[in-house]
Structure formats: structure tokens, C-alpha cells
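Data first, discussion second: the structure below is written as C-alpha cells.
Any read-out appearing in this document is the output of simple, stated calculations on the displayed coordinates, not a laboratory observation. Remember, predicted model here, so these are calculated numbers, not experimental data. Cβ: placed from backbone, ideal geometry, glycine included. Neighbour counts: every protein chain shown.
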Amino acid sequence: MVKLIKKGVYYIDGKLVKANEVNESAKKKTLAYKILSSHNTGDDKKLKIKFDEIVSHDITYVGIIQTAKASGLKEFPIPYTLTNCHNSLCAVGGTINEDDHVFGLSAAVKYGGSFVPPHIAVIHQYEREARAFAGGMILGSDSHTRYGALGTMAIGEGGPELVKQLLEKTYDIDMPEVVAVYLKGKVRKGVGPHDVALALIKEVFKSGFVKNKVLEFIGGGITGLSIDFRNGIDVMTTETTCLSSIWETDDKVKEYYAEHGRPEAYKELKAENGAYYDKAVVINLSKVEPMIALPFHPSNAYTIRDFLSRPYELLKKAEEEGNKLLKDGGFNLTDNIVDGKVYVNQGVIAGCAGGMYENIALATEIIGDTPLTNGEFSLSVYPSSQPVYKGLVDNGYISKLLEKGAVIKTAFCGPCFGAGDTPKNNGLSIRHTTRNFENREGSKPGNGQLSAVALMDAKSIAATAKNGGFITSAMDVEYKNRIKKYKYDNAIYNARVYNGTKKAETNKDLVYGPNIADWPKMEELKDNLLLKVVSVLQDKVTTTDELIPSGETSSFRSNPLKLAEFALSRKDPNYVQRAKDTQKEEIPAKFNLPKETTFGSVVCSIKPGDGSAREQAASCQRVLGGVANICVEYATKRYRSNLINWGMIPFLVDKNNFEVDDYIFVPNVKELLKSGALEFKAKILNKNKDIVLRIDPLTDAEKDIILKGCLINYYKG
């Protein structure tokens with residue numbers, strides 16, 4: 001299905017040709033190079049990007065606006081869309097979620113932005129329908145900010161990077177490598193976008209094959225894919241750990257923009273003949289089969305055919321991983337095997353990946369006249385926007401789903417991050433959503449609860465529903481592969497969305513609720529640094545969900561101190577107290593250190609930061625007195641950037657051999673950072689052991705941010 005080409009290739013006359021040498025001028029023929037260069041204010045190697053637009057949702061925009069306001073924001077200099085699809089249930093914490101929404105609307109009015117009310121659209125579907133445009137660049141404070149299939153290069157980052165854009169600064173990166181994703185062939189009946197995406201993720205994630213690179217989708221296979229299908233693949237590229245994505249555009253993209261009332265947003269984008277790519281991925285769409293990603297990662301993927309041939313073996317592996325999360329074990333997935341079949345408790349089709357019109361319409365066709373059983377299995381469907389919902393209603397799909405026992409809900413991202421449809425303890429849910437990390441479904445292992453999610457395409461979820469909750473490939477059921485044409489109607493957006501771009505009413509006040517708090521003061525870095533190790537994580541990868549949980553904790557994202565109470569709660573329940581104790585602790589006199597020494601805590605790990613773009617994975621550590629991270633490798637650029645923007649030094653080390661309560665002294669750290677040093681001689685004082693810490697190169701701005709103590713201090717001067 002998927003083939004990796006590890007060396008450079010040329011794209012000549014619609015085919016990939018292996019390159020014997022690197023041609024720098026041919027690199028400039030890629031779509032990625034052209035779009036990045038057109039938004040670059042720096043040189044060709046060190047990019048300083050200014051985006052066309054930015055976008056956030058309701059667990060990130062409060063912190064972004066608060067930070068920008070503290071840094072001198074007067075009005076939004078570029079279009080900024082505030083969506084509300086994460087805390088839209090308003091189910092936890094009393095009034096505080098709706099208080100955030102009111103704050104967001106007041107910010108859109110005061111600073112001149114757009115505001116999409118709760119339940120109207122999930123963030124990425126709104127951007128596809130109303131904001132994306134070919135040749136543009138959009139920065140979002142959500143990791144799945146991907147609109148490449150529409151010709152928009154979009155990047156998901158932590159909130160501080162959006163703050164920089166609001167303060168008319170730049171997004172600074174080295175020119176990334178570009179990887180061709182060459183699509184050929186034609187998908188078979190029963191295969192959906194999630195199947196293609198999971199096949200890609202399986203092949204590239206663990207090796208880091210496309211980490212921090214741009215994926216450029218080319219090849220004749222694109223033409224046979226609908227826009228919904230392309231969008232469904234594109235949004236999942238985040239799970240490959242790539243930086244961004246871009247696709248060649250064609251008449252289908254042109255038609256999409258015209259149908260959405262924005263024909264001017266279209267531009268034909270084609271890589272030039274002879275374009276050079278640093279690597280390539282070849283996907284033969286004709287060979288892709290329905291896939292299932294078992295707990296606890298989208299890369300843990302198998303064909304459904306393979307999985308059903310050895311369910312006990314594969315579920316047992318997932319079961320063993322789950323039991324590592326529980327103090328006394330007891331997690332059981334193999335009980336779901338009944339007479340050789342695998343039963344699931346729940347199916348969910350939702351969000352920016354699953355909730356599109358075509359996925360839901362085809363799921364309806366597959367279910368057909370079969371009623372869902374009146375047993376434990378349930379099916380929940382979340383259309384990704386109200387226009388999509390209306391299109392499904394107008395064409396009769398919603399009534400058919402309701403008649404057969406499905407539950408239809410509004411546009412909401414909750415099933416993707418643990419704030420909706422939490423299964424029973426030991427339950428297994430199949431979902432066409434973005435992630436299936438541990439606890440993304442809402443369970444709480446600290447309380448002895450654990451359930452799990454397997455990712456599948458909407459088509460196979462529907463086939464499973466039709467088959468009474470027993471996992472079934474959509475290739476194994478009969479159905480009509482044609483659906484009624486979707487007609488977009490923007491009347492809902494015209495009625496409910498506040499469009500205040502470039503209409504700032506600066507005399508208006510922000511509306512604060514009692515849970516919206518300012519950031520505590522962050523101290524500048526002193527000449528020397530003393531780190532106390534307060535947590536050591538030895539997992540191969542530590543996700544941002546494990547650094548700061550999602551779900552109900554999202555309600556406290558507008559209150560830095562309250563949110564910090566949840567930091568590492570799923571991985572190291574003692575971390576918060578240790579960090580607080582360190583904040584109160586004086587530098588031990590026995591160490592006889594210089595007066596000008598910053599003293600703070602540090603988390604040591606192997607590979608932190610996979611997953612969400614959430615800045616709080618770093619800011620919570622900073623609020624609790626963290627001044628650095630030490631690890632073998634950073635899982636994503638996003639997490640490393642978040643550390644830097646919150647004034648934390650992203651140290652590297654060859655092995656994570658630290659222990660809790662180690663004291664690590666780094667002399668002359670301030671001067672070394674200023675000079676651009678990449679190695680720092682340090683000592684574990686309590687063990688009298690010399691070590692060397694490393695750091696990847698920092699830009700001048702990044703150095704200054706760390707020295708100042710955080711981005712807020714940096715912009716205050």
C-alpha cells in the first residue's frame with residue numbers, strides 16, 4: 001500500500017524519478033517552497049513567516065489574547081477567527097465555559113476579529129468552508145490545523161506563536177525539507193479517507209520519516225478523490241509529526257470554492273516539472289484496505305482483515321499497554337472476542353476528520369434499513385458544521401440515521417479529546433476521529449478507570465453498526481456507493497457568526513468571568529542555573545495529553561494556576577506537589593552557589609510533546625516553577641517552541657539517567673546562551689557527577705525570550 005523512498009526524487013512528467021544528486025534550484029519548483037517563500041520576510045534558509053490569517057478555539061484563545069494584551073496588543077493586525085468547539089458543552093465548572101465564550105466575543109468586537117458561536121462548526125470545518133484559500137498560509141492553535149487539500153498551507157502551533165503574529169512578529173523556522181506524497185491508483189469501494197491516512201501514519205510515524213517536514217501531495221491518484229476524501233486524509237497528516245501539508249489543486253477544488261460562495265479563493269497549484277523532493281512516499285490507492293488503529297496511537301494500525309485473523313494476539317498487546325497505566329491492573333480487551341469476532345461497545349463519527357458530509361452520507365447508505373440493535377452498542381454522529389448538518393437533513397440522511405437508532409449531535413470536538421461519549425470501564429469504542437491516545441476517550445486511570453478507542457473509517461464503523469457491533473470491514477458489506485449531492489448553505493453563518501475583521505471597536509471592554517486570570521509573573525534568567533529534578537518519565541514517548549490532560553481540565557485553561565494543578569496527573573501524580581515544594585525551597589547552602597543563580601524545577605524524559613499543540617503542556621510547568629526540560633529528543637517542533645516561548649530551556653541529553661531530587665547546576669548559562677553555545681557543562685551536585693547538556697540551535701529571538709523569562713516579558717522590553 002505504502003512505499004518509502006529515503007533519497008531525493010524528481011517529479012518529471014507526472015512521475016517520480018530517483019535523483020543521483022541534489023539540485024538546489026529544483027527545490028524551488030515545489031509548491032511548498034513557493035508558498036513559504038511568498039510569505040517569508042527572511043532569507044531562503046532562515047524563514048521568517050508572516051501568515052495571512054490565524055485561528056483558535058475556546059480552550060486556547062483566552063490565553064492567547066491575555067498574553068497578547070499583556071504584551072501590548074491594540075487590535076488584530078490580520079484576520080483572527082475565534083471558534084467554539086472544545087468547551088461548547090458547558091458541562092463542567094459551572095459558568096466558566098460560557099464565560100470564556102463571552103470573553104471571546106468581546107475580544108472579537110474590541111480587537112476586530114470573527115467569532116463562531118458554540119455548536120455552529122468545529123474549528124477546521126469552518127476554516128475549510130469560510131476562510132481557507134489557495135496559495136495562502138493559516139496558523140492555528142490546534143495541532144490539526146491542516147487545509148492543504150484546498151491549497152492552503154496551514155500549521156498548528158502553541159498559542160505563543162499566534163501571539164507573535166498578533167504583535168506583527170514572525171514565525172521563525174529553518175526552510176523545511178519537502179517530502180512528496182505520490183498518490184496513484186484508485187480507491188476501492190469500502191475504503192475511506194481514514195484508511196489511507198492510517199496506512200500512511202503506520203509507515204512513517206515511528207521512524208520519524210517526515211518529522212517537521214512538509215508533505216506535498218502530488219500524482220494522478222488525486223483526481224479520483226473527492227474534496228471531503230482529500231480533507232479527511234489531509235487533517236490526519238498531523239499524526240505523522242510533519243510540519244504542514246500542501247496538495248496540488250484541480251477543478252474539484254475550484255468547484256468546492258465556487259459552491260461555497262468564494263470562487264476568488266481558488267488558484268491552480270501545480271508543482272513545476274522537474275521539482276526536487278528530499279524524500280518520497282508512494283501510496284497505491286488501489287491496494288489500500290480498510291484499516292483499524294488499535295489503542296493507544298494512530299500508528300498502531302493494521303488492516304481490518306489482518307486484525308480479525310489474530311484478534312487475541314493484537315488485543316492482548318493493547319491490553320498489556322493499558323495495564324501499565326493502572327496501579328493494580330485489571331484492564332481487559334480480549335473479553336470483547338466472541339466466537340472469533342470482536343465486539344465493540346460504541347461507534348462515533350465526529351469532528352474535523354469524520355464529521356464531513358460524505359462520510360456521514362455513505363455511513364447512512366451502508367447502514368441502510370438495518371436497525372441498530374437494542375443492546376449495548378450505540379452509534380453517535382456529530383456533523384462537523386451546521387451547514388453540513390443542514391445538508392444531511394435536506395437530503396434525508398439524518399432522518400434515516402435517527403430511524404435506525406443513531407444519536408445525532410452538534411458540531412463538537414469532544415470525542416477527540418475526552419469530553420464526550422466516554423465508554424464504560426474496559427470498554428472499546430471505534431471512532432472516525434483524530435486520535436486514540438490513552439485517556440483521549442475520557443477515562444481516568446488514577447481512579448481505576450480505563451477504556452480505549454480504536455480508529456476506523458466511517459464506512460467500516462457503519463458496517464460494524466450494521467453487523468450488531470462486531471467489527472466489520474466496509475469491503476465486506478453491500479451498499480450503494482452513490483450519495484445525493486451536497487448543497488452548501490451559508491445562511492447559518494450569516495445569521496450567527498460575528499464578522500468583525502478590520503472593524504475593531506477599541507473603546508469596548510473585554511468581558512471577564514471569575515475564572516479568567518492573568519499570568520503570574522515570570523522571572524528573568526540569572527547568570528547561573530540550578531535545576532531540581534521533580535519528575536522522571538521513562539516512556540518512549542510522552543504525549544501532551546500526559547503532560548496536561550484534556551477533557552474536563554479544559555474548563556480551567558483560562559486560569560493558569562488552577563490548570564497547573566492537573567499537570568502530569570496521569571503520569572506522575574506527585575509532580576505538582578514536588579514542583580510546588582521546589583518553588584518554596586531555598587538553594588541549599590551546602591552547594592555554596594553564586595548569588596546570581598536561577599533555581600527552578602525540571603522534568604526529565606525521553607521524547608516529550610507528541611500530539612496536541614496545546615501550549616499548556618509547557619506553561620503549566622512554568623507556572624509551577626519549571627525553568628527547563630531535559631530529554632533525549634523532542635517529539636515535535638510545537639512542544640519545543642512552547643517551552644521556549646514560556647522561558648524554559650529545551651536541553652537535550654544522550655540518556656535519561658536522572659533521578660527525582662537530583663540537583664543539576666549549569667554555570668554561566670546566561671552567557672553561554674547569549675553566545676550561541678550548543679553544549680553546557682553541568683554537574684549533578686548531589687552525586688558529584690559531571691555531565692554535558694546540549695541544545696539545538698536557537699534563533700536570536702528565541703535566546704532573548706528565554707533570557708527574559710517568557711514571551712510576555714520579551715515583548716514588554
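Based on Cα positions only, what radius of gyration and what Dmax would you give for region 321-476, in angstroms?
15.3, 51
Rounded to whole Å, give me the distance from the Cα center of region 668-694 to that of region 104-127.
45
Shape of region 51-169 from its Cα gyration tensor (a ≥ b ≥ c, root eigenvalues): rounded if a/c is under 1.5, otherwise prolate when a/b > b/c, or oblate?
oblate
Where a ≥ b ≥ c are the square roots of the eigenvalues of the C-alpha gyration tensor, would you call the chain rounded, which needs a/c under 1.5, or, failing that, prolate if a/b is larger than b/c, or oblate?
Rounded, since a/c falls under 1.5.
Rg(Cα) of region 528-716 divided by 2.2 N^0.38 Å? Each step should come with its number before you reach the end.
Working: Rg = 15.3 Å, N = 189, 2.2 N^0.38 = 16.1 Å.
Taking N as the residue count of region 528-716, the ratio is 0.95.
Please work out the C-alpha center-to-center distance from region 378-445 to region 600-615 and express it in whole Å.
29
Take the alpha-carbon centre of region 505-532, take the same for region 295-339, and report the distance between them in whole Å.
43
Based only on other Cβ atoms within 10 Å, what is the fewest-to-most ordering of TYR312, TYR276, TYR663?
Ascending number of Cβ neighbours within 10 Å: TYR312, TYR663, TYR276.
Tell me, VAL342, VAL536, VAL17, VAL181 in order of fewest to most beta-carbon neighbours within 10 Å?
Details: VAL342 25, VAL536 19, VAL17 11, VAL181 29.
Result, fewest neighbours first: VAL17, VAL536, VAL342, VAL181.
How large is the helix-only mean residue ellipticity at 222 nm for the chain, computed as the sum of -39500 (n - 2.57) over DSSP H runs with n ≥ 4, divided by its residue count, in deg cm²/dmol to the nearest 500?
Roughly -7500 deg cm²/dmol at 222 nm, from the helical runs in the chain.
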